[in-house]
Amino acid sequence: MQKPYVPRLAIAAMLALGVGWSQQARAIPAFSRQTQEPCTSCHIGAFGPELTGRGRTFKLLGYTEQAGDGPSWWEHFSGMVLGSFTHTAAGTPQAKPSAHSGANDNFALDQASLFYGGRIYDHIGAFIQLTEDGINRRFHVDNVDIRYARQQDVLGVDTILGISANNNPGVADPYHTLPAWGQPFVASALAPSPIAGAILNGGLAGQVYGASAYARVGGMVYAEAGIYNSLSRDVAHYGGLDPNALQLANPATFWRVALQQETNRRLFEVGAFAMNAALRQPGSGADRFLDWGMDASFQFLGNRTHMFTGYGRWLHEDQTLNGTFGGGNSANLRDHLSELRGNLSYWYQQTYGVTGGIFRTTGSADAILYQASPVGGSVAGRPNTQGYMAELDWVPFGKPDSYLSPWANLKLGLQYTAFSRFNGAGQNYDGFGRNASNNNTLYLFAWVAF
Amino acid sequence: MTLHRPLAAAAVLLALAAPAFAAGDAARGAESFKNDCAACHTVVQGGPNRVGPNLFGVLGAKAGEGRGGFHFSPAMARSGLTWDEATLIRYLQAPRRVVPGTTMSFQGVDDAAEAADIVAYLATMK
């Protein structure tokens, strides 16, 4: 309580890196029941969320395309369960990862979700997710994306135009470079998470409501602009949301523009994005955050036997900490963070996947904002964290002639995350003798959708 | 020699026209169909309609008609097109340019050769 900002940043970081999975999980057989298409039609690796060109179009058209008169109403509902085992190189007896876990080697029911997915009316469709968070034991409104979309010729150019009511800046995006849909698509919520993450990196996910308008013009340009505000505490309470979540002082704005070249077999994309947000702080003034960055993607789908994808994102955040600095909770009025992330994946026969990625966060030194504390702290007063991840996946179903299609799908994965630097140092980064490599994490997961 | 001139000219003309009407390779077309079309279309006789209509016997058929009561877009139903080879090859490369307003959200195959392969395959399904 004495230092309100540090735990808040920790929350932002948790949301960004540790709990990021909670915004990721979507591969829903309800869509498959609506379109009669196999998972492979819209998803690389036969399992969500990674989209093919067909998947991007389906999303941008508002989840409305259907086979015949569509499925029965109850077939629009889907379920998903994610269970896992997490091992970190050294346990964390001083700071257990959650109230219900041990110091290391934790089995967890990460989440169980209920979805509504698909067409509601002609040009209106939705993707709505309610989640029981098995780590924090919370049932809450998770992702919401309700759309109205049309495909039309505008001045002779084939254009998709739409609006989306959603609860996370970037969730409406069709690519996999922004944090909302970026890799890793799942990650352990029970591994130590770095001390800082940019606000756009999950800081507002699910805690805000907003709307964005988007257009894909001539298959070459994609643009989106949106505005978001915090849910009132009452609404947040009824939605089962985190009462300590970041609160916007006034509406946040978000935009993104991308140039793309896509065919049925490949995608090249380069883009830019930005978000402007002000967070309420007790006492004097609001903290202002300007997040902006650039991203690039490629996908080679070929004849679907060998598929390659690559995604990169650079995200910079300028912070003007009026409230936090005014309250004596940061050393600087202005701080900054930069995040770099790149991933490459290869899939064989839409069944076996291997992914490698690197990540790096750097930022200003701030001895008050970032302080020594066991596991989660920084003795150097710096957020700098970097490392790599590798993942192996197996998706036995989800193909056109699969067993149980379109009723169920399964993904089994083995993910390893290694840190060469954590919260500012490689050795004794927390001031309590912990090394970055002690946080290296093995995460085994089973992900079922039905 | 002069006698052969017209023949040579005809050969050149044929060669020039070839890209648009080259007999496609049905086997390659079947593979492309599986990757590009099968998500939305069945093609066997009596196959169900999905997001798109069953395409059995579509070559030579009138656009936007029949197909087991499939709900075509007004744009397709009123297009007045007949699916001959040339029209199909153009359509598959840029569906929304050939039938503006069609609800076939597929953006098109890579090139005319691939379209011709698919059409050759469709020609076998009747």
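The values are calculated or read from the model by the stated rules, or taken from the named source; none is laboratory data. Small disclaimer: the values here were computed from a predicted structure and weren't measured. Counting neighbours? That spans all protein chains shown, and the Cβs are built from the backbone with ideal geometry, glycine included. The accessibility values were calculated without ligands, DNA or RNA, using every heavy atom of the protein model including side chains. Shrake-Rupley method; radii C 1.70, N 1.55, O 1.52, S 1.80 Å.
Taking 22 Å as R0, compute the FRET efficiency from the Cβ-Cβ separation of A:Ile120 and B:Ala94 and round it to 0.05. Please report the intermediate quantities before stating the final value.
Numbers: r = 30 Å, r/R0 = 1.38.
Between A:Ile120 and B:Ala94 the formula returns 0.15.
From the cross-link list A:Lys59/B:Lys34; A:Lys59/A:Lys399; A:Lys59/A:Lys411; A:Lys59/A:Lys96, which pairs have alpha carbons spaced over 28 Å apart? Too far apart for the 28 Å limit: A:Lys59/A:Lys96.
Annotation: extensible slack from A:Ala446 through A:Ser72 equals 131.8 nm (criterion: 0.36 nm per residue apart, minus Cα-Cα distance). Rolling a 1.4 Å probe across the protein heavy atoms gives chain A an accessible surface of 37 Å² per residue. Interface burial in region B:29-45 reaches 30 Å² or more for B:Asn35, B:Asp36, B:Ala39, comparing the full protein assembly with the chain by itself; accessible area from heavy atoms with a 1.4 Å probe. Across region B:89-95, computed HN-Hα scalar couplings (Karplus, 6.51 cos²θ - 1.76 cosθ + 1.60, θ = phi - 60°) run 4, 5, 4, 5, 7, 7, x Hz from first to last residue, x flagging Gly and Pro. Going from the chain on its own to the full set of protein chains, region A:257-298 has these residues losing 50 Å² or more of accessible surface (heavy atoms, 1.4 Å probe, no ligands, DNA or RNA): A:Asn264, A:Arg265. Label separation (A:Leu161 vs A:Ala272): 2.5 nm, computed from points 7 Å beyond Cα along the C-beta direction.
Checking every one of the chymotrypsin sites (Phe, Trp or Tyr not before Pro) in region A:340-447 against DSSP loop status and a limit of 15 other Cβ atoms within 10 Å picks out A:Tyr403, A:Trp407, A:Phe432. Leaving ligands and nucleic acids aside, the A/B contact buries around 1600 square angstrom of accessible area in total at a 1.4 Å probe radius. Of the solvent-accessible surface of the protein assembly as shown, computed with a 1.4 Å probe over protein heavy atoms with every protein chain present, carbon and sulfur atoms account for 63 percent. For region A:415-440 versus region B:76-92, the spacing of their alpha-carbon centroids is 62 Å. Just to be sure I understand the interface: list residues from region B:77-126 that lose 50 Å² or more of accessible area between the chain on its own and the complete protein assembly, 1.4 Å probe. Those residues are B:Arg96, B:Ser105, B:Gln107, B:Asp110. In this rough spin-label picture, where each label sits 7 Å from Cα along the Cβ direction, the A:Ala225-A:Tyr388 distance is 4.2 nm. Close amide H contacts of A:Asn106 (hydrogens built in the peptide plane, cut-off under 5 Å, sequence separation of 5 or more or a different chain): A:Thr86.
Normalised by 2.2 N^0.38 Å, with N the number of residues, the alpha-carbon radius of gyration of chain A equals 0.94. Close amide H pairs (under 5 Å, H built 1.01 Å from N) link A:Ala249 with A:Ala278, A:Leu279, A:Arg280, residues at least 5 positions away or on another chain. Rounded to 0.05, the FRET efficiency of the B:Lys126 and A:Tyr346 pair, given R0 = 60 Å and the Cβ-Cβ distance, is 0.95. For B:Lys62, which lysines qualify as cross-link partners when the Cα separation must be under 16 Å and same-chain residues fewer than eight apart are set aside? Correct list for B:Lys62: B:Lys126. Full extension of the chain between A:Thr263 and A:Lys96 gives 55.3 nm of extra length, using 0.36 nm per residue less the Cα-Cα distance.
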